[in-house]
Amino acid sequence: MATVGRRGSLFRLRRAGGTPVGPDGALVAALAGALSPDRVRNDSAERSLLARDASVFKGGLSGPICFPTSTAEVQAIMRISLAYGRAVVPRGAGTGLAGGAIPLGAPVVVSTTKMNRILEVDLDDRVAWVEPGVVNLDLSNHLRPLGFHFAPDPSSQQACTIGGNVANNSGGPHCLAYGVTSHHVVALDVVLPDGDVVTLGGVDPEPGGYDLRGAFVGGEGTLGIATRIAVRITPNPPAVRTLLLAFDSIEGAATTVSDVIAAGIVPAAMEVMDRLITRAVENFVHAGYPDAAAVLLAEVDGMEAGTAIDAERIAAIGRANGAISVRVAADDEERARLWKGRKTAFGAVAQIAPSYYLHDTVVPRSALASVLRSVYAIGEAHQLTIVNVFHAGDGNLHPLILFDPLEPGVLERVHAAGAEIVAASLDAGGVLSGEHGIGVEKRDYMHLMFGPDDLDHQNRLRRAFDPMCRANPGKVIPSSHSCADIQALRSVPTGVWG
């Protein structure tokens with residue numbers, strides 16, 4: 001006889017004695033035995049919730065959801081999933097914007113949010129061992145009293161996890177000087193799709209063997225699941241100066257960025273926002289941004305004398321390119337307000353439109369101005385408003401295509417505009433993604449950047465880790481290059497965007 005069991009908000013249909021029933025009953029029972037019943041979820045509400053991430057992709061279909069707390073439990077999940085012929089998808093905070101954490105084919109979802117411990121901080125070697133569910137900003141907050149921080153700082157750093165940063169090789173405003181996540185990961189303990197555990201990389205200056213750590217970071221969960229991560233920690237700089245430059249054209253801001261780098265200055269960060277997004281940000285957080293066609297937020301750090309010189313040179317270059325005002329943050333409080341404005345820009349967009357589609361391409365700095373003109377022209381051609389906020393220092397564009405999802409036919413225009421932005425970026429010598437990853441969003445654009453041989457070798461690397469394509473199937477590599485991916489998706493309706 002079936003009974004309804006309740007634990008918190010979780011409902012399950014059970015046989016007498018507590019065994020879950022339904023299509024995945026035996027699988028759920030095996031997973032619950034390896035973890036605990038309260039950390040294996042199979043109710044429709046939670047499966048629906050974890051079938052999405054922060055992207056606009058709606059085609060996900062989740063299987064049972066597991067919340068492991070140790071490497072041994074992740075091993076057990078992998079082996080049980082293999083025994084039942086199910087794929088596995090790792091998931092962190094779900095802040096990804098390329099559909100990388102979307103479950104396709106009803107796989108077992110492995111949420112690492114309960115693996116959230118900072119395990120060890122070694123100040124001598126400047127390394128911290130953390131679990132994948134540690135929130136990015138929590139790590140820096142933990143390190144700050146010790147005089148250190150974790151340098152990668154995505155805009156979602158208040159929510160995103162280190163495991164997700166590793167999966168997507170995330171960046172952030174300060175990656176201009178300090179590099180993206182791959183520059184800050186020295187070793188990982190990884191559970192492979194067959195359940196074996198390996199350590200990739202090492203804390204030694206020159207770990208032996210191939211750099212499989214470098215292959216894993218940015219692999220978007222297609223090579224296995226990281227359960228322990230050794231990251232480099234960065235000393236807090238002795239001095240920081242943050243400048244806010246306002247321009248009467250976005251071209252002036254873009255040209256200033258190129259000229260600063262050409263002058264031999266490498267700021268810690270250089271961020272540009274156009275007028276519409278700047279107004280929204282100012283209304284949202286009152287950070288003190290001027291009403292201008294574009295603003296450039298530039299930051300230099302290091303020794304006091306050096307930062308003063310670099311700040312003066314950046315201000316002079318900005319004025320030479322038409323800056324109508326230059327302001328240096330007077331103290332840490334003003335600096336924090338300026339950065340709060342930049343890092344909440346995406347949320348501020350809600351004042352303009354109920355939804356947006358955020359792109360993530362990279363173009364040469366010398367092409368910034370021309371590609372931005374193309375982006376605005378694409379928006380006008382499709383009768384869509386596009387605002388721009390981006391990591392200008394490394395040419396990482398983040399155009400936001402604003403829309404109302406209730407407007408009939410708008411999604412077709414949105415995706416057509418997105419495809420043209422990708423094409424314009426590649427035509428300018430750019431690449432598909434700077435930090436958001438490929439996921440499902442740009443999977444079918446991969447052939448625009450890579451030839452058949454390139455894609456074949458990428459697929460061979462993946463299969464070396466995952467011969468049956470059970471790890472996060474349907475992501476990154478176009479499905480025509482992976483028969484197992486096609487098989488995994490065959491029983492699932494085609495995903496739709498919107």
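Just so it is clear, none of the values below were taken in a lab; they were calculated from the coordinates. Please read all numbers here as calculations on a predicted model, not as lab measurements. Methodologically, a virtual Cβ is constructed for each residue, glycine included, from the backbone with ideal geometry; neighbour enumeration extends over all protein chains shown.
Points worth noting:
- Projecting the Cα atoms of V266, W339, A305 onto the dipole axis of region 237-348, where Lys and Arg carry +1 and Asp and Glu carry -1 at the beta carbon, places W339 farthest toward the positive end.
- Neighbour-count ranking [beta-carbon atoms within 10 angstrom, fewest first] of H415, H382: H415, H382
- Span from the region 315-383 Cα centroid across to the region 34-55 one, whole angstrom: 37
- Considering only G219, G451, G33, and ranking their Cα positions along the charge dipole of the chain that arises from unit charges at the beta-carbon of Lys, Arg, Asp and Glu, the one farthest toward the positive end is G33.
- Given +1 at the Cβ of Lys and Arg, -1 at the Cβ of Asp and Glu and no other charges, the dipole of region 118-235 around its Cα centre is 360 debye to the nearest 20.
- Peptide packing for 384-390, 154-160 was compared via the average number of neighbouring C-beta atoms within 10 Å per residue; ordered from the highest value, the list is 384-390, 154-160.
- Sorting 456-466, 73-83 by their mean Cβ neighbour count within 10 Å, with the most densely packed peptide first, gives 73-83, 456-466.
- √(5λ) per eigenvalue of the Cα gyration tensor, the chain, largest first, Å: 40, 26, 21
- Packing-based exposure ordering (other Cβ within 10 Å, fewest first) of K475, K340, K442: K340, K442, K475
- Cα long-axis angle, helix 250-262 against the chain (0 to 90 degrees, to the nearest 10): 90
- Against the main long axis of the alpha-carbon atoms of the chain, helix 410-427 sits at an angle near 60°.
- Charged side chains reduced to their Cβ positions (Lys and Arg at +1, Asp and Glu at -1) give the chain a dipole of some 1780 debye around its Cα centre.
- The protection proxy used here, the mean number of other Cβ atoms lying within 10 Å of each residue, ranks peptides 141-147, 211-217, 64-70 as follows, highest first: 64-70, 211-217, 141-147.
- With eigenvalues of the C-alpha gyration tensor scaled by 5 and rooted, region 353-449, Å: 21, 15, 12
- Tilt relative to the chain, helix 25-34 - C-alpha long axis, 0 to 90 degrees, to 10: 70
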